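The values are calculated or read from the model by the stated rules, or taken from the named source; none is laboratory data. Keep in mind that what you see is a predicted model, and the values were worked out from it rather than measured. Cβ: placed from backbone, ideal geometry, glycine included. Neighbour counts: every protein chain shown. SASA here: full protein model, heavy atoms, side chains in, ligands and nucleic acids out. Shrake-Rupley method; radii C 1.70, N 1.55, O 1.52, S 1.80 Å.
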Amino acid sequence: MVNQVQQVDGSWLSCRGDSSGASNSSAESSKESSRCSTPLLDADRSDRLREKMRKRIDSGDQWFSLEFFPPRTASGAVNLISRFDRMGSGGPLFIDVTWHPAGDPGSDKETSSMMIASTAVNYCGLESILHLTCCNQTKEKITGYLAKAKHLGLKNIMALRGDPVGDDWEDEEGGFNFAVDLVKHIRSEFDEYFDICVAGYPTGHPEAESYEQDLQHLKEKVDAGADFVITQLFFRPDTFLKFLDDCRAVGITCPILPGIFPIQGYQSLRQLVKLSKLEVPEEITKVIEPIKDNDAAIRNYGIHQAVDMCRVLLDSGKVPGLHFYTLNREVAPMEVLRQLGLWVEDPRRPLPWAVSANPKRKVEDVRPIFWASRPKSYIYRTQDWDEFPNGRWGNSSSPAFGELNDYYLFYLKSKSSKEALLQMWGEELKNEQSVFEVFTCYITAQPNRNGQKVLCLPWNDEPLAPETNFLKDELEKVNRRGVLTINSQPNINGKPSADPVVGWGPPGGYVFQKAYLEFFTSSENVTALLKVLKKYEPRVNYHIVDVHGHNMTNAHEMQPNAVTWGIFPGREIVQPTVVDPVSFMYWKDEAFALWIEQWAKLYEDESPSRMIVKYIHDNYFLVNLVDNDFPLDSCLWRVIDDMFELLDATPEPPSDEAGL
């Protein structure tokens with residue numbers, strides 16, 4: 001909730017330019033899970049943020065939330081999205097993204113407030129609040145931004161007046177001058193679609209005539225339709241607790257969340273005092289001054305001070321959750337949350353793939369397996385769908401996948417720099433075997449010849465999933481010989497849904513998987529593989545396709561094959577992952593293009609390294625195999641072994657013998 005007007009010590013610090021207030025919290029009953037924003041398998045449960053808060057308050061389950069600001073550069077946007085993924089793993093109830101007027105906040109730029117908040121919701125699965133201010137904006141412009149936010153799936157707004165451009169606030173002609181008017185406008189134009197948050201000031205807003213007057217302004221915002229309050233930062237727990245009691249005394253009954261700012265640097269703290277007009281208590285300055293040149297010492301003190309203050313707040317029984325001003329940093333907030341016991345990396349997943357928090361996708365519970373490691377890409381390519389599969393994928397003759405030509409989009413980029421990728425994938429490739437070694441190092445987590453660990457591939461920007469450890473030895477063996485795996489899962493027969501590695505869904509259930517293997521390999525290998533596969537039918541289904549779309553399969557042309565499903569108390573069988581033949585052809589385009597877009601283009605045109613990658617792109621095949629007999633040990637490794645045995649026993653065929 002710290003609006004940014006000036007960069008200091010790598011951080012943006014300011015007071016909230018808002019001296020008027022609002023919120024009327026009418027709690028409806030809700031059965032929705034309140035951890036982060038992930039939907040459950042039940043489509044009819046409310047997913048409103050205010051209802052998640054109500055449920056947590058009723059249960060006594062305390063929570064935390066995080067604030068971020070938009071970065072100034074495209075690379076900063078990539079890094080911030082990676083931070084969302086990491087900090088989202090600890091279970092924040094929501095995040096919020098500040099409105100930065102200098103950064104064209106309502107535009108489609110990758111550094112805009114609108115796009116950062118939209119990405120958090122749609123691609124990171126985080127419940128998100130978008131800040132919106134009155135500063136330099138007409139009523140029509142504000143309405144347009146709200147309509148755009150709604151279209152993008154955002155459903156929470158932080159309504160603020162905003163900081164003045166100069167020293168003093170100047171009336172906005174054709175706009176709003178107080179946050180209460182913005183709250184009223186949102187309710188008038190969009191009814192109850194948005195949950196609305198407003199700002200509170202534990203010591204009173206600097207522009208208010210008095211503390212008591214500022215409380216009345218806050219009540220006006222509450223009465224106008226806001227749902228909850230987040231406060232400006234403070235340094236003593238008693239400051240907030242008094243403010244909370246005073247709010248209750250004037251009839252403000254909605255949730256009021258304290259804004260927590262772990263001190264992380266001397267200069268940033270000084271600038272904070274200047275911009276926010278807050279006074280730092282003497283007991284803090286006495287500790288900070290002697291260590292002002294020691295950033296690590298100040299950060300450690302800031303963590304200690306924040307933990308002590310938060311414990312007092314939580315132990316009071318009056319504070320249901322804490323809101324952290326992160327300054328886009330993670331070390332200090334995460335450490336504070338760990339010491340408080342609020343940071344909980346829950347291994348349970350509502351579904352076996354990463355979900356979106358867009359409200360129109362809340363019923364979605366089935367996806368093709370091909371995008372398992374590229375969920376952001378899948379969400380991007382299906383963003384224009386009017387409906388999403390629920391219960392069954394169905395007979396899908398024409399899923400309308402959007403084209404993926406925008407590999408440059410910040411939320412689809414690798415978080416690794418070009419230099420880091422070259423160190424992992426090879427500054428210079430000698431031959432196809434060099435590529436085999438890259439895949440093998442990724443599987444084994446062993447350093448490459450340059451001593452660099454391969455932490456990602458074009459098809460997976462993260463280290464291997466835990467369940468892949470079940471397959472690591474076999475995967476290493478086949479990758480060394482040119483079966484370049486990009487997706488796999490072991491067979492599972494009735495593991496508890498609470499299993500920390502393969503479990504998903506509600507407790508008390510059981511999950512199942514068919515063994516699945518997807519890889520690129522040469523035409524020579526495919527020739528032998530087709531011969532071998534004949535003796536494994538119908539147990540093994542396969543799809544084999546080249547870059548031009550020449551497709552070979554023994555599966556139904558339109559019928560999907562469920563490869564993951566779960567059985568849960570009081571529910572129908574859920575099958576969230578399928579091998580869909582039509583979707584595979586759309587995935588094929590993306591999978592092959594990644595060879596060029598993310599690997600070959602690292603090298604100069606016509607360079608030997610680039611030509612090696614291009615040769616694989618042009619000549620290899622993409623293969624997926626499904627072992628339908630899931631109760632038995634997977635036969636897919638025997639299939640690959642038989643393929644190599646056949647190749648070793650016979651002369652190499654001419655390059656066109658496969659007839660592919």
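Numerical summary
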| item | result |
| --- | --- |
| Relative contact order, percent, the chain [alpha-carbon distance under 8 Å, six or more residues apart] | 13 percent |
| DSSP-defined beta bridges in the chain - what % are antiparallel, rounded to 5 | 55 percent |
| Estimated 222 nm signal from helices in the chain, with DSSP H stretches of n ≥ 4 weighted -39500 (n - 2.57), rounded to 500 | -10500 deg cm²/dmol |
| Read-out percent of Cα pairs over 50 Å apart, derived from the coordinates shown; its label in [x] 19; [y] 38; [z] 23 | [x] |
| Folded to 0 to 90 degrees: helix 113-122 orientation relative to the chain principal axis, Cα | 50 degrees |
| Region 441-461 versus region 319-392: alpha-carbon centroid distance in Å | 26 Å |
| Accessible surface, region 54-340, averaged per residue in Å² (probe 1.4 Å) | 38 Å² |
| 0 to 90° range, to nearest 10: angle between helix 74-88 axis and the chain longest Cα axis | 90 degrees |
| Once exposed loop trypsin sites (Lys or Arg not before Pro) are cut out (DSSP; at most 12 other Cβ, 10 Å), longest piece of the chain | 32-276 |
| Cross-link partners of residue 292 among lysines (Cα-Cα below 21 Å; sequence separation of 8 or more within a chain) | 274, 277 |
| Folded to 0 to 90 degrees: helix 608-619 orientation relative to the chain principal axis, Cα | 70 degrees |
| In nm, spacing of pseudo-spin labels at residue 462 and residue 75 (7 Å Cα→C-beta vector) | 2.5 nm |
| Carbon + sulfur, % of accessible area of the chain - ligands and nucleic acids excluded, 1.4 Å | 47 percent |
| Cα centroid separation - region 225-287 against region 191-222, whole Å | 14 Å |
| Inter-centroid distance (Cα atoms) of region 84-112 relative to region 545-604, Å | 31 Å |
